[in-house]
Each structure stands twice: as C-alpha cells, then as structure tokens.
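Working notes for the structure below.
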Amino acid sequence: MMSKQPSPELLFSTITAFQNSAVIRGAIELDLFTAIAEGQQTPQALAKRCDASERGLRILCDHLVINGFLTKNNGQYGLTPDSAVFLDRRSPAYAGSIVDFMHSSLIMESFADIAGAVRRGGTIIPDEGTLSPENPVWVKFARAMMPVMMMPAQTMAKIADLDNDRHYRVLDIAVGHGIFGISFAQLSPQIEVTAVDWAPVLEVARENAEKFGVSKRYHTIAGSAFDVDWGQGYDIILLPNFLHHFDAETCERLLRKVHASLNDGGRAITLEFIPHGDRISPPMAASFAMTMLVSTTAGDAYTFVELERMFKNAGFSKSLLHEMPQLPEQIVVSDK
C-alpha cells in the first residue's frame, strides 16, 4: 500500500489561518450574514446594503463559500445552517459578538510569542496575563460571550434537576455575563442567586438579570472569589469556566472554600473544557490548554480524572461527568 506523499498543504494552511479569522471578523463587521438572511444575495445588492464595493463583496463572499460559511448557486449567496443560527444578527443564538473578546488586543497579544510562553511555561503578558485584578478584558468578555454560553447554561440548569417547589440558594462564581446563574433563577421563583465577580463585570451581569426578569432575586458580591466572604448555606455553587485559569493546588484551595459553603447534600456544578486522558482529543477541548498557556501563569485544560481528584481532595464525596456531545465543554456535578 502506497503511503501518502508529503504535502505542504497543512503547513501553508496553518501559517495563513490568521487570514480566515480576519475574514470572518470583517464579514461580521459588515453585517454580511444578516444582509444575506434579509434577501440581499448578489454582490450588487450586498454592496448597497453593506456600504461596500461590489468587487470587495464578491471576493469576500467567495472566500466565505470556500471556508464553509456561505453557499453559492448561480451567482447568488446563501447562509449555511450554522451561519443562519450563529451569524444572522436577528437570530436568538447570534454569536458574532464573540470576536470582540476573542480578537481583543490582550488575547491577540497573548498569542504573539508562543515560543516565549513555552520557554517560560506560562503567559508572557505582565501582571498575571488575563488574571490581573479587575482586568477590563473581562468586561469585554461579559458583553461578548453570553450568546454562545446560553446553551451550556440552560443545559447546566436542566442537569441540576431541581424541585420547583423548594427554595434554593445558588452561588455563581466568576459570573461574567451572569447567564449561568440567571438560567437557574429562571427555573423557579423559589431560586435566589448570588453572583461573585469584579465590580465592573457585575454591572453587565446585573443588566442581564434585569433583561431576563430575575433581578429581584439576583444579588452580587464584588471582588476576587478567593478573597471575598460570600457566606454559607448554599444549595448549589456554580463554577463555569473558572478552574482552568489556575494550577491544581490553587483550584483545590478554592474548592475547599466552596465545599465549606455548601449545605449538607449541596452540589458544585462545573463547566469546563475537558480533554480525554490522551490530551489530544477531542480537538477543541484539548487545544484549549494552549490558550491557558499563553494567557495565564499556570492554567490548563484538565481531564476528568484530574478534576475528580481536585474535588475529592477538597472534601467532595463524588463527582460525575455529564457529557454534552454537541458542545466543546462538559459538565461535572460534585456532591458534598
């Protein structure tokens, strides 16, 4: 059997991949996907709708067809199913706003010197990278990332399987946009949520709590999750996308605080990028480790075995993995 001949295609496509991310950002800035959804499907019509040149729209749209974001038939462009859901601004699941965070100057700077980060074993960005106190990048995160977190948040609330007739106190740690705690509050008027994050970020979370009609049961505590006194007596504590920023020892220190704050029978519910034991699959979860290398001093993408060990060392009796095959992240439920 003949082996495949060496080809420079992978190398070339990887080195030029930044061009594809720049193209999608440009299309979002032009509101191209919404324009196509509205029925403007030729370069001429799109040029008028997007206030751009006809030549530019033709080349942009063809590039997006090549990359799988658009279709083309008889000179007319259309949306793929994914683009219709996530890139039409009128869609409830619109996620184009994520470029504001993912392409922010701090995130882009973090990836500017991979060799330097590898030599150091952590971010080359001063002051702990993205984890510096009250870093404004997290306000940008809170405003940009809520749409793409809606489905994981609703899944987390569903997995909790709460009794609608019972009163619950829920603590949401490092809330960002707040949609995780808000999704719990929406389950029942018997649920109260306390949110912890930096003060500027909490302003965004409070806006969203008001938007979703749960602000009267949505309380906030400003400060670092490691330092603030958030009290006791919680039934559920949420840890969405937080533990990956720190080393295992630091995570366990926080989890001991979480454990002590839970009522008997309480649970911690965690959302994380969780690679398999080989650390190379599934690709999106496994590759998240690189994001943590370049943007934090000691963060990582932890396997379930590692997370399970952290929770056990912090005093939790058991942890169960709930897989979400349609999403890159998974949920871990840990019982006190």
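The values are calculated or read from the model by the stated rules, or taken from the named source; none is laboratory data. The structure presented is a predicted model; accordingly, all values stated were derived computationally and were not measured. Positions of Cβ are generated from backbone atoms using ideal geometry, with glycine treated the same way; all protein chains shown enter the neighbour counts.
Just to be sure, is His177 within 20 Å of Ala142 (Cα to Cα) and buried (at least 20 other Cβ atoms within 10 Å of the Cβ)? Answer is yes for this residue. For the stretch 309-336, filtered to residues that are farther than 17 Å from Leu262 by Cα and either of a type in the set (A, V, I, L, M) or touching a Lys or Arg at 6+ places or on another chain (Cβ under 8 Å) (or both), the residue that is surrounded by the fewest Cβ atoms within 10 Å (Cβ to Cβ) is Leu320.
Assess whether Arg49 counts as being surrounded by 12 or more Cβ atoms within 10 Å (Cβ to Cβ) and under 21 Å from His103 (Cα atoms). Taking the combined requirement at face value, the residue does not satisfy it. Hey, can you tell me all the residues within the stretch 66-100 that are of a type outside the set (D, E, K, R) and within 15 Å of Gly26 (Cα to Cα)? If the condition is that a residue be of a type outside the set (D, E, K, R) and within 15 Å of Gly26 (Cα to Cα), then Asn67, Phe69, Leu70, Ser83, Leu87, Ala95, Gly96, Ser97, Ile98, Val99 are the ones that fit.
Among the residues examined, Lys158 qualifies as at pLDDT 90 or above and assigned to a helix (DSSP H, G or I). For the stretch 78-117, a residue qualifies if it is over 27 Å from Ile36 (Cα atoms) and either of a type in the set (Phe, Trp, Tyr) or surrounded by 13 or more Cβ atoms within 10 Å (Cβ to Cβ) (or both), and the qualifying residues are Leu106, Ile107, Glu109, Ser110, Phe111, Asp113, Ile114, Ala117. For the stretch 118-161, a tally of residues being of a type in the set (Val, Ile, Thr), surrounded by 16 or more Cβ atoms within 10 Å (Cβ to Cβ) and farther than 17 Å from Leu243 by Cα returns 6. Going through (1) within 16 Å of the chain's Cα centre (by Cα); (2) outside any strand (DSSP E or B) one by one, His276 falls short only on (1). For the stretch 22-42, a residue qualifies if it is in a helix (DSSP H, G or I) and without any contact (Cβ under 8 Å) to a residue 24 or more places away in the chain, and the qualifying residues are Ala22, Glu29, Ala35.
Filtered by the rule that a residue be surrounded by fewer than 24 Cβ atoms within 10 Å (Cβ to Cβ) and not polar (S, T, N, Q), the stretch 180-190 gives Leu187, Pro189. Figure legend. Inter-residue proximity from the stretch 257-274: first residues crowded, with 21+ Cβ neighbours inside 10 Å, second residues among the small types (Gly, Ala, Ser), beta-carbon distance below 6 Å, spacing 6+ or different chains. Indicated pairs: Val258/Ala268; Ala268/Ser334; Phe273/Ala285; Phe273/Ala301; Ile274/Ala285.
Within the stretch 41-54, which residues are in contact with a helix residue (DSSP H, G or I) (Cβ under 6 Å, 6 or more places away or on another chain) and under 16 Å from Val65 (Cβ atoms)? Pro43, Leu46, listed by residue number.
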